[in-house]
1. Share of the chain's accessible area from carbon and sulfur, percent, 1.4 Å?
2. Can you run phi through the Karplus equation (6.51, -1.76, 1.60; θ = phi - 60°) for region 145-156 and list ³J(HN,Hα) in whole Hz, with x for Gly and Pro?
3. Please work out whether region 1-131 counts as rounded, prolate or oblate from its C-alpha gyration tensor, where a ≥ b ≥ c are the square roots of the eigenvalues and a/c under 1.5 means rounded, while otherwise a/b larger than b/c means prolate and anything else oblate?
4. Once you keep just the Cα pairs under 8 angstrom separated by 6 or more residues, what percentage relative contact order results for the chain?
5. Can you list residues whose amide H is under 5 Å from Phe131's amide H, if they're 5+ apart or on another chain and H is modeled 1.01 Å from N?
6. Only loop residues by DSSP count here, and only those with at most 11 other Cβ atoms within 10 Å; note down the GluC sites (Glu not before Pro) in region 1-83 that meet that.
7. Kindly sort Met40, Met95 by accessible area of their heavy atoms, largest first, with the probe set to 1.4 Å.
8. With a 1.4 Å probe and all protein chains left in place, how much accessible area per residue does region 1-154 have, in Å²?
Amino acid sequence: MTRFREFLSTREPGPSAYDIYPPNLPEPYRSSRYKIGEDMYAAIGVTREDKAGRFAQFAKNLDLFGAPAAIFCFFDEIMGPPQWSDLGMFLQTFMLLAQEAGLDTCPQEAWAVHEAAVTEFVGAPEGQRIFCGVALGTADWDAPINSVESQREPLNVFATFV
Ligand SMILES: Cc1cc2nc3c(=O)[nH]c(=O)nc-3n(C[C@H](O)[C@H](O)[C@H](O)COP(=O)(O)O)c2cc1C
């Protein structure tokens, strides 16, 4: 990881390889996205005006939140939404198996801003696009940010029983 961190320090992030959220996210998604962000910043005492604090928190993504290991997931660029969902299922399984092995994970689409650097570092074949990184290690449960619990919609909001 030292080698990766050193390599990355020589590279600038670029535009995201894909839209992490659709542009002009409509309701109710916009409010949900806003709420989890505000809850996280509140937990670490970063105000809305504190642009430097917000940037510093985002930048921790690109240090894998201090994790000692990571995997990076790529997909063949010919693949579309159905295969992206397959990758999501793979990730879920990977993260559950990591938990079983005593390791915590943090999936990170933020790595989409470092597609060129990660591609070069791992030697991904041509035609592969980055989807995400997954930081791998042990979570610090005393860190205030890890006390944030994301709100979940109740079952009757996201499921229709007929
Ligand atoms: C595919 C995927 C990508 C994510 N990318 C990021 C990211 O780049 N940065 C981040 O802080 N959180 C990201 N998250 C959310 C965190 O990993 C989140 O803390 C984690 O999913 C646990 O969320 P929960 O408390 O809602 O279960 C991502 C989640 C998923 C599933």
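1. Numbers: 6430 of 11120 Å².
In the chain, the share of accessible area belonging to carbon and sulfur is 58 percent.
2. Karplus-based 3J(HN,Hα) across region 145-156 equals 5, 7, 8, 6, 10, 5, 6, 10, 5, x, 3, 5 Hz.
3. Values: a/c = 1.38, a/b = 1.22, b/c = 1.14.
The shape class here is rounded.
4. On the way: 146 pairs, mean separation 55.0, N = 162.
Dividing the mean separation by the residue count of the chain yields 34 percent.
5. Cys73, Phe74, Phe75
6. On the way: sites: Glu6, Glu38, Glu49, Glu77; in loops: Glu49, Glu77.
Qualifying residues, ordered by number: Glu49, Glu77.
7. Values: Met40 80, Met95 40 Å².
Sorted by accessible area, descending: Met40, Met95.
8. Numbers: 10190 Å² over 154 residues.
Ligands and nucleic acids excluded, the figure is 66 Å² per residue.
The values are calculated or read from the model by the stated rules, or taken from the named source; none is laboratory data. Please read all numbers here as calculations on a predicted model, not as lab measurements. Here Cβ is always computed from backbone atoms with ideal geometry, including for glycine, and neighbour counts include all displayed protein chains. Protein only, heavy atoms only, side chains kept; ligands, DNA and RNA dropped before computing areas. Shrake-Rupley method; radii C 1.70, N 1.55, O 1.52, S 1.80 Å.
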